[in-house]
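Inspection log for the structure reproduced underneath, given as structure tokens.
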Amino acid sequence: MSVLLIAEHNNKNLKPFTLNAITAASKIDAEVHVLVAGSGSENVAKEVAAVPSVKKVLHCDSPNYQNYLPENLAPLVTKHSEKYDHIVASANTFGKNFMPRVAAALDISQVSDVIKVNGPDTFVRPIYAGNAFATVKSNDKKRCVTIRPTSFEPAPKIGGSAQIEKAEAVDVPNFSKFIKREETKSERPELGTARIVVSGGRGLESGENFKLITDIADKLNAAVGASRAAVDAGYISNDHQVGQTGKVVVPDLYIAVGISGAIQHLAGMKESKIIVAINKDGEAPIFSIADYGLEADLFKALPEFLSELNKLNTIQK
Amino acid sequence: MKILVAVKRVIDYNVQIRVKEDGSGVHTDNVKMSTNPPDDNATEESVKLKESGKVKEVVAVTIGEDKAQETVRKALAVGADRGIHVKSDTYIEPLGIAKILKKIVEKEKPDMVFLGKQAIDDDCNQTGQMLAAMLNWPQATFSSKVTLKDKSVEIVREIDEGLETVEVNLPAVVTCDLRLNEPRYASLPNIMKAKKKPIDQLVAKDLGVDIANRVQQLKVEEPPKRKAGIKVANVAELVSKLKNEAKVI
């Protein structure tokens, strides 16, 4: 019994959500091995080896794995899956892309987006955009599982010294080509892992007005989110979208401004510890899940909010 | 060129889901059903490619009970040429669905298969990728821009970090994100015309593929409810609550 977890990284550093997936993998079985497939990715292998709950690192370095094309990555994972009972990855756009290819190759029915591990074969996962939780039991001999990272704490990063073993590469099909990646650069914390998220919706009325949101976010050292309506209206880029079709976030504090609270948005943020809603429509559904609701015109409330924050002596980081 | 587009009938995205008291699932009786939203984007993109002259035929396929035919009719009403309905009265997991679609692909020999990126009922996000693997085809998931070339397709994908561009050889599987396009509404004349378009009928269990489910649903329950919060009178009170009561700032 052991787990093979596929690390997400950028060839230099491990992506933080891998640590959350490692926590979930450890709940499945204590023997967690991590596959690092990349190009010039030695440092990533070292980072993973330092994670105390990791027992072994399989490192496969080849230009074919530089951009994690699923057509190249899936056959590698499939080959190295032989000795394992579980194959695990994060349920983000990295894991969602390649894991079903592995599952299909192994004739396994994948369990997606797990939020709780009840045992080696039994998991809880959200369905209907988080409006219901299903407890499921996988009857396959081997299991492919993707983990919703925000449902698990990140594993501690240092103190371990797992053995790093070279893993053999496999032939690639050569029918897909990476062209480019346009990563949105930001000085602010990443949306998926930020302690505080300040989100704007259609109520902002324009992209320029999002400055009211970003000013607050900067003051609180928060990430900036948005509803699908705001993204579709072109106020802000899609990587800020929180919701069923965007990112699922679980910050300590989520501030929803000018967001009515469509089901699709709530699916992405309703597990946040504290939710604040600022909306001029007192009947907006967002108020039904908010810990603190402020019925107010956001164009008046946000500048006031900023000035009140400025009055505070200290703000938690 | 030919496109196969797969569409699924699901509970309409505007319906508030109600979990059954006995934990066996969610209420579906007398609930509004419609096409899975990103499947509409998949159909729209297929039809646009046909209108551009690059694609000759668009075939819409669905797998499900008798009423699932409505989703194929809808695809026909917005421009698909003909339909296939694979009948199944029971839920089939993505693995089984992908096996059925593979059978259809082997018969129809499309150059591309378009699907929604995810169904909004089981939220699995697997079928397209599984189908691509079974066919040994490349895939492009979460597509928000599709540029068809002679022997390949260039796709802009929505990923967590931003956008990624890949080029995959044909034949290929493409799964569609909601921002790929704006699905059109069917006009009344086109709805009438769609009624005359042919829909082939097949039966899932007669296709000779293993569609037995492997994942057993033990129970379905409502997510924990948030306790009702309070309304604050003004910004000063809000900041004070966040600082002193919730202690989050």
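Comparing B:177, B:89, B:81 in a Gaussian network model of chain B where C-alpha atoms under 10 Å apart are linked, the largest mean-square fluctuation is found at B:89. Net length available on complete extension from residue A:221 to residue A:179 is 11.8 nm, with 0.36 nm assigned per residue and the Cα-Cα distance removed.
Shielding value for B:227-233 is 6, the average number of Cβ atoms from other chains within 10 Å of each residue's Cβ. Relative contact order for segment A:3-166: 31 percent, from Cα pairs under 8 Å spaced at least 6 residues apart, divided by residue count. Between residue B:197 and residue B:237, the C-beta separation translates, for a Förster distance of 60 Å, into a calculated FRET efficiency of about 0.45.
Each Lys and Arg Cβ is given +1 and each Asp and Glu Cβ -1; about its Cα centre, segment A:198-303 then shows a dipole of about 140 debye. Comparing A:197, A:36, A:124 in a Gaussian network model of chain A (Cα springs below 10 Å), the most mobile by mean-square fluctuation is A:124. For the residue pairs A:27/A:166; A:177/B:87; A:56/B:151, alpha carbon separations beyond 31 Å are given by A:177/B:87; A:56/B:151. Under 8 Å for C-alpha pairs, at least 6 residues apart: give me the relative contact order for segment B:2-245, rounded to a whole percent. Once divided by the residue count of segment B:2-245, the mean separation gives 24 percent. With viscosity 0.890 mPa s and temperature 25 °C, the Kirkwood radius over alpha carbon pairs of segment B:135-217 converts through Stokes-Einstein to a diffusion coefficient of 149 µm²/s. Between the amide H of residue B:200 and those of B:83, B:84, B:85, distances stay under 5 Å, these residues lying 5 or more places away or on another chain, with hydrogens modeled in the peptide plane.
Please check which bits of segment A:242-264 a label hung off residue A:280 would reach, taking the label as a point 7 Å along Cα-to-C-beta and the cut-off as backbone N under 14 Å. The answer is A:258-260, whose backbone nitrogens lie closer than 14 Å to the label point.
Give me the Kirkwood hydrodynamic radius of segment B:1-83 in Å, from all C-alpha pairs, to one decimal place?
Details: mean 1/r = 0.0727 Å⁻¹.
Value: 13.7 Å, from the Cα pair sum.
Considering only A:216, A:259, A:179, the Gaussian network model of chain A with Cα springs below 10 Å gives its largest mean-square fluctuation to A:179. Straightening the chain between residue A:288 and residue A:116 buys 59.4 nm, computed as 0.36 nm per residue apart minus the Cα-Cα spacing. Quick one: net charge around residue B:1, please, counting Lys, Arg +1 and Asp, Glu -1 for every other residue with C-beta under 12 Å from its C-beta. Result for the local shell: +4. Sequence-ordered 3J(HN,Hα) estimates for segment A:275-284 from the Karplus curve with 6.51, -1.76 and 1.60 and θ = phi - 60° stand at 10, 10, 10, 10, 7, 7, 8, x, 8, 4 Hz, glycine and proline given as x.
Each Lys and Arg Cβ is given +1 and each Asp and Glu Cβ -1; about its Cα centre, chain A then shows a dipole of about 520 debye.
Distance from the C-alpha centroid of segment A:184-258 to that of segment A:78-138: 29 Å, rounded to the whole angstrom. Sorted from greatest to least, the principal axis extents spanned by the alpha carbons of chain A come out as 61, 41, 39 Å.
Net length available on complete extension from residue A:273 to residue A:42 is 79.4 nm, with 0.36 nm assigned per residue and the Cα-Cα distance removed.
Computed from point charges on the beta carbon alone (+1 for Lys and Arg, -1 for Asp and Glu), the dipole magnitude for segment B:1-118 about its Cα centre is near 400 Debye. Highest mean first, the peptides A:241-248, A:97-104, A:4-11, A:165-172 sorted by other C-beta atoms within 10 Å per residue fall in the order A:97-104, A:241-248, A:4-11, A:165-172.
Taking the alpha carbon gyration tensor of the protein assembly as shown, multiplying each eigenvalue by 5 and rooting it gives semi-axes of 37, 31, 23 Å, largest first. Take each residue in B:128-137, count the other chain C-beta atoms within 10 Å of its C-beta, and the mean is 6. Counting only other chain Cβ atoms within 10 Å of each residue's Cβ, the peptide B:177-187 averages 2. Spatial offset of segment A:266-317 relative to segment B:125-173 amounts to 39 Å, using the alpha carbon center of each. Of all DSSP beta bridges located in the protein assembly as shown, what percent are antiparallel, nearest 5? Beta bridges within the protein assembly as shown, antiparallel portion: roughly 35 percent. Helical runs (DSSP H, four residues minimum) scored at -39500 (n - 2.57) apiece and divided by the length of chain B put the mean residue ellipticity at 222 nm at -7000 deg cm²/dmol.
Bear in mind that the values in this text are calculations on the coordinates, not laboratory data. Keep in mind that what you see is a predicted model, and the values were worked out from it rather than measured. For neighbour counting, all protein chains shown are included, and Cβ atoms are generated from backbone atoms with ideal geometry for every residue, glycine included.
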